[in-house]
Amino acid sequence: MTLGRPRLHLRETASTNDRARELAAAGAPHGMLVTAAAQSAGRGRQGRSWSAPPGHALLMSLVLRGVHPLLPLAAAVGVAEAIGADARIKWPNDVLLSGRKVAGILAEGRPQEGWVVLGIGVNVAVRLEDLPPELHATAATLGRSPAGVEPFLESLLGALDGALALPSPELLDAWRARDALRGRAISWAAGSGTADGIDGEGRLVVAFLDGGRTTLDAGEVHLRPDRGDSPPSPV
Ligand code: BTN
């Protein structure tokens, strides 16, 4: 397994993604891992922040060299595999337990320089009451002890290694087997419809009442729950 070495562990940093991006730009090798017990400015997708009580979450960023066309989906499959059979994926890569978000993934890269930083936050030992109040209704935790963060990291690295090595058709099948949105009503800034799986490029397929269909690209869309019958949106 090439993921996780070398490793830089920090007691506190602004964001492991920022640190890993600096290291990647300075030539860090494929697989280098940055972890932190605490982040002062953890970042999520689409400009959101990511909160985690110190020492109770896995906060990590991997430097990956070479472009994986389905990286965000592969990462979600790896995280879900490490969590277990009950984990579901809300397109494109929120990992849910019982409809609540237990892990988030933020991939950021400089494709022209051939690297991507894969940031992952997992609520391994987080007590939900220690999260900001606005997350209490939508977040989940694995409910392990702080001593369980490190063993979870080890199994996650193995699962990520496996998911990244899957041929695309198998990876897409593994993702589809955990699809949390299929058949659910969804809406976004420009429309609404019913989620109908993903296409071969990992775009979300949406069916409309009139029989039409469209596909959504992960970078451009922020899904909202619809009529309370969808899993919660990322927060
Ligand atoms: C999301 O769901 O919006 C993505 C959340 C990603 C959070 C992780 S925590 C480790 C890494 N460092 C960051 O600043 N963000 C990612």
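The values are calculated or read from the model by the stated rules, or taken from the named source; none is laboratory data. Because the structure is predicted, anything quoted here is derived from the model rather than measured. A quick note on method: Cβ atoms are made from the backbone with ideal geometry, for glycine too, and the neighbour counts reach across all protein chains shown. The accessibility values were calculated without ligands, DNA or RNA, using every heavy atom of the protein model including side chains. Shrake-Rupley method; radii C 1.70, N 1.55, O 1.52, S 1.80 Å.
At a glance:
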{"item": "Every pair of residues 6+ apart whose Cβ atoms lie under 6 Å, when the first sits in the range 44-55 and is closer than 18 Å to Thr13 by Cβ while the second is more than 7 Å from the ligand (Cβ to nearest atom) and open to solvent by 40 Å² or more (accessible area, probe 1.4 Å)", "result": "Pro53/Asp130; Gly55/Pro146"}
{"item": "Pair list, Cβ under 6 Å, 6 or more apart: the range 26-42 residue more than 11 Å from Pro53 (Cα to Cα), other residue β-branched (Val, Ile, Thr) and open to solvent by less than 10 Å² (accessible area, probe 1.4 Å)", "result": "Ala28/Val63; Met32/Val63; Val34/Thr16; Ala36/Thr16"}
{"item": "Residue identified as surrounded by 15 or more Cβ atoms within 10 Å (Cβ to Cβ), of a type outside the set (Asp, Glu) and assigned by TED's automatic domain parsing to the domain that holds Val34 among Leu204, Leu118", "result": "Leu118"}
{"item": "Pick from the range 84-95, criterion surrounded by 24 or more Cβ atoms within 10 Å (Cβ to Cβ) and either modelled with pLDDT of 95 or more or touching a strand residue (DSSP E or B) at 6+ places or on another chain (Cβ under 6 Å) (or both), ranking: nearest to His30 (Cα to Cα)", "result": "Asn93"}
{"item": "Lone qualifier among Arg100, Arg48 - being within 14 Å of the ligand (Cβ to nearest atom) and at pLDDT below 95", "result": "Arg48"}
{"item": "Qualifying residue in the range 31-42 (condition: of a type outside the set (Gly, Ala, Ser), within 10 Å of the ligand (Cβ to nearest atom) and in contact with a Phe, Trp or Tyr (Cβ under 8 Å, 6 or more places away or on another chain))", "result": "yes"}
{"item": "1 or more residues among the charged types (D, E, K, R): qualifying strands (runs of 3 or more DSSP E) within the range 126-223", "result": "191-198, 213-216"}
{"item": "Residue match in the range 209-224 (condition: within 27 Å of Leu59 (Cα to Cα), open to solvent by less than 30 Å² (accessible area, probe 1.4 Å) and modelled with pLDDT under 95)", "result": "yes"}
{"item": "In the range 58-93, residue farthest from the chain's Cα centre (by Cα) [restricted to those that are within 15 Å of the ligand (Cβ to nearest atom) and more than 17 Å from Ala159 (Cβ to Cβ)]", "result": "Val63"}
{"item": "Of all residues making up the range 103-115, the number that are assigned to a loop (DSSP other than H, G, I, E, B) and modelled with pLDDT of 95 or more", "result": "0"}
